[in-house]
Amino acid sequence: MKKYYFFLLFWIIGITEALADSGAYNEMMYSSGKIYVVLGVILIMFVGIIAYLIYLDRKLTKLENQINYDD
């Protein structure tokens with residue numbers, strides 16, 4: 001099953017690189033200002049993932065401290 005996930009991942013990466021190499025696609029994204037929307041969405045997702053990881057780390061630390069305190 002992992003083999004199929006890797007195949008799908010590399011296929012998606014290949015498609016996105018092919019689209020990114022086309023000059024018309026880049027020109028359209030920059031000229032219409034949509035590139036900033038894409039970058040904004042990626043930034044928001046990245047910040048959300050980092051915030052979630054920090055939240056999980058604090059929660060796990062609290063649980064570990066409770067377990068160590070009970071022993």
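Yes or no: Ile35 open to solvent by 100 Å² or more (accessible area, probe 1.4 Å), at pLDDT 70 or above and among the β-branched types (Val, Ile, Thr)? Judged against the criteria, Ile35 is not a match.
From the list Tyr69, Tyr55, the lone residue that is aromatic (Phe, Trp, Tyr), in a helix (DSSP H, G or I) and either surrounded by 10 or more Cβ atoms within 10 Å (Cβ to Cβ) or at pLDDT below 70 (or both) is Tyr55.
The values are calculated or read from the model by the stated rules, or taken from the named source; none is laboratory data. Keep in mind that this is a model prediction, so the values were computed, not measured. We place every Cβ from the backbone using ideal geometry, glycine too, and count neighbours over all the protein chains shown. When the accessible area is computed, the model is the full protein with side chains, heavy atoms only, and any ligands, DNA or RNA have been set aside. Shrake-Rupley method; radii C 1.70, N 1.55, O 1.52, S 1.80 Å.
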